[in-house]
1. Please go through the stretch 160-184 and pick out each residue that is open to solvent by less than 50 Å² (accessible area, probe 1.4 Å) and closer than 17 Å to Glu109 by Cβ.
2. Would you please list the contacts, defined by Cβ atoms under 6 Å and residues six or more apart or on different chains, that run from a residue in the stretch 109-124 that is closer than 10 Å to Thr82 by Cα and touching a residue at least 40 places away in the same chain (Cβ under 8 Å) to a residue that is surrounded by fewer than 21 Cβ atoms within 10 Å (Cβ to Cβ) and of a type in the set (S, T, N, Q)?
3. Tell me, which residue of the stretch 56-87 that is assigned to a loop (DSSP other than H, G, I, E, B) and open to solvent by less than 10 Å² (accessible area, probe 1.4 Å) is farthest from Ser185 (Cα to Cα)?
4. Considering Lys19, Lys53, Lys47, which residue is at pLDDT below 95, on the phi < 0 side of the Ramachandran plot and surrounded by 11 or more Cβ atoms within 10 Å (Cβ to Cβ)?
5. Counting just the residues of the stretch 87-117 that are at pLDDT 95 or above and closer than 15 Å to Lys47 by Cβ, which one comes out farthest from the chain's Cα centre (by Cα)?
6. Name the helices (runs of 4 or more DSSP H) wholly inside the stretch 88-207 in which the number of residues that are under 24 Å from Trp67 (Cβ atoms) is 3 or more.
7. Give all pairs with beta carbons closer than 6 Å in which a residue from the stretch 53-66 that is within 16 Å of His133 (Cβ to Cβ) meets a residue that is among the β-branched types (Val, Ile, Thr) and outside any helix (DSSP H, G or I); count only pairs at least 6 apart in sequence or on separate chains.
8. Could you list, in sequence order, the residues of the stretch 52-67 that are in contact with a strand residue (DSSP E or B) (Cβ under 8 Å, 6 or more places away or on another chain) and farther than 13 Å from Gln137 by Cα?
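The values are calculated or read from the model by the stated rules, or taken from the named source; none is laboratory data. This one's a predicted model, so the numbers in the text were calculated from it and none came from an experiment. Ideal geometry is used to build each Cβ from the backbone, glycine not excepted, and the neighbour counts take in all protein chains shown. Note: areas computed on protein heavy atoms with side chains; ligands, DNA, RNA excluded. Shrake-Rupley method; radii C 1.70, N 1.55, O 1.52, S 1.80 Å.
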Amino acid sequence: MSDFIYLASQSPRRQELLKQIGVRYEMLLPTPSEDAESIEAPLPHEKARDYVKRVTLAKASLALTRWRKSGLPWAPILCADTTVSLPNSESGEILGKPNDANDARRILEMLSGKTHEVLTAVALISNPENAPHCVVQISEVEFATLSAEQIDAYIATKEPFGKAGAYGIQGSASAFISKINGSYSGIMGLPLFETAQLLDHARITRI
């Protein structure tokens with residue numbers, strides 16, 4: 001039993017969501033020498049579910065190595081990764097973080113008027129000698145048809161940058177979303193139901 005975990009994620013949204021379900025955590029952040037970009041690059045013809053699970057498990061492995069070198073006391077390690085997928089898209093089904101404003105515009109134009117998937121994988125290392133437990137949660141999000149003016153105004157807010165699919169549901173892009181089927185917290189980046197199940201199975205205390 002543990003009364004806290006290590007969170008191996010820089011996402012402020014994941015920190016907020018863990019607090020929401022009463023989880024104490026300490027940060028276990030990547031070092032400058034870790035090449036996160038190469039981990040997050042999709043493999044040729046890789047499916048979105050396989051991609052998000054592979055990236056999350058790779059992050060978990062790096063986090064465990066980081067802990068082994070740290071001298072910190074043991075606590076379970078939580079990692080997560082989120083991607084956006086437009087199934088059957090000509091550009092490939094994985095829509096990652098935009099490189100610049102033009103890339104953000106391209107992604108948002110693809111999502112306009114369509115239903116896409118948001119996939120979040122969560123991995124928990126409950127014991128340093130055992131393989132992590134990993135779950136993938138998938139939600140469907142329906143976007144209204146967006147005008148060029150709406151897309152440009154949204155890009156001007158800078159919200160699309162650093163976010164898979166070039167938007168964040170907790171920001172002003174919420175006005176674009178006509179329907180959700182799935183987990184709101186999963187779309188934010190950490191599905192709380194599935195995460196709580198992992199934590200409870202590992203006997204991690206929640207306040």
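1. Pro160, Lys163, Ala164, Gly165, Ala166, Tyr167, Ala173, Phe176, Ile177 - these are the residues of the stretch 160-184 that are open to solvent by less than 50 Å² (accessible area, probe 1.4 Å) and closer than 17 Å to Glu109 by Cβ.
2. Val118/Ser139
3. Ala75
4. So the residue among Lys19, Lys53, Lys47 that is at pLDDT below 95, on the phi < 0 side of the Ramachandran plot and surrounded by 11 or more Cβ atoms within 10 Å (Cβ to Cβ) is Lys47.
5. His116
6. Correct list: 192-201.
7. So the pair list comes out as Lys53/Val136; Ala60/Ile125; Ala63/Ile77; Leu64/Ile125.
8. Val55, Leu57, Lys59, Ala60, Ala63, Leu64, Trp67
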